[in-house]
Each structure stands twice: as structure tokens, then as C-alpha cells.
1. In the range 1-10, what residues are in a helix (DSSP H, G or I) and either under 21 Å from the mean Cα position of the chain (by Cα) or surrounded by 10 or more Cβ atoms within 10 Å (Cβ to Cβ) (or both)?
2. Quick check on the range 11-26: of everything there that is part of a helix (DSSP H, G or I) and either among the polar types (S, T, N, Q) or under 20 Å from the mean Cα position of the chain (by Cα) (or both), which residue is surrounded by the most Cβ atoms within 10 Å (Cβ to Cβ)?
3. Can you run down the residue pairs with Cβ atoms below 8 Å, 6 or more apart or on separate chains, where the first is in the range 17-30 and of a type in the set (A, V, I, L, M) and the partner is assigned to a loop (DSSP other than H, G, I, E, B) and surrounded by fewer than 10 Cβ atoms within 10 Å (Cβ to Cβ)?
4. Taking only the range 46-63 into account, find how many residues are among the hydrophobic types (A, V, I, L, M, F, W, C) and surrounded by 10 or more Cβ atoms within 10 Å (Cβ to Cβ).
5. For the range 27-79, name all the residues that are more than 21 Å from residue 5 (Cβ to Cβ), of a type in the set (Ser, Thr, Tyr) and either in a loop (DSSP other than H, G, I, E, B) or at pLDDT below 85 (or both).
Amino acid sequence: MGTPVRIADVAQQLVGISGRDIAITYVGLRPAEKLHESLVSETECPESTQHPLITQVSGERTSFDLVRDTRAQSRDAYEAMSRLVSRDTARDAVDAL
């Protein structure tokens, strides 16, 4: 994944490249924002491999039935949402007449 880079450093570099006088405002963390991203869940176990930069993660296997059912639920939810958006778009178009 590379070396972590501070966002403030990137912002300062971009301001410098632009040649403009742009103020950088620090607003702090917003709700649900994270300082660090975890790539391994609590139920998974990271394990070393022969290569020092590669980690293998083992955990519980997910059943095919669960994957299939979750995919079907996601598809159904997407289709329902698409119908709602289409209905609202049509209603807005009619209201605009």
C-alpha cells in the first residue's frame, strides 16, 4: 500500500504548485470519519508469508448460500430503489407541466 502520506502535506504541495495564495482550514474529524483504516476484522487472523510485504488473512469461510441470498437481497433492494426513483422522476416531470 505504500508509505502513509499526511493529507496536510499533499494540500500544501497542491497550493504551492497552483501558485495561488490559498488558505488551508483545519476543521477536524467529521462524524464517522476515521484516522486509520483497519484492513483486517476482529474475526480474521493476519499471518506472515514468505514475502515481508505480503500478509495472508484467514478467517471463517462464508457459505455459498449466504453469498447467493445476500446478492439476491441486494438486487431486489436495488430494483425497488430504481422503481422509486423512476416514479419520483416521472412525478416531478408531470408536476413541472
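The values are calculated or read from the model by the stated rules, or taken from the named source; none is laboratory data. Please read these numbers as outputs of a predicted model, since none were measured by experiment. A quick note on method: Cβ atoms are made from the backbone with ideal geometry, for glycine too, and the neighbour counts reach across all protein chains shown.
1. Looking only at the range 1-10, we keep the residues that are in a helix (DSSP H, G or I), and these are 7-10.
Hits for the range 1-10 are 7, 8, 10.
2. Selected residue: 12.
3. Every condition considered, the pairs that remain are 29/35.
4. Summing the residues that are among the hydrophobic types (A, V, I, L, M, F, W, C) and surrounded by 10 or more Cβ atoms within 10 Å (Cβ to Cβ) in the range 46-63 gives 1.
5. 41, 43, 49, 58, 62, 63
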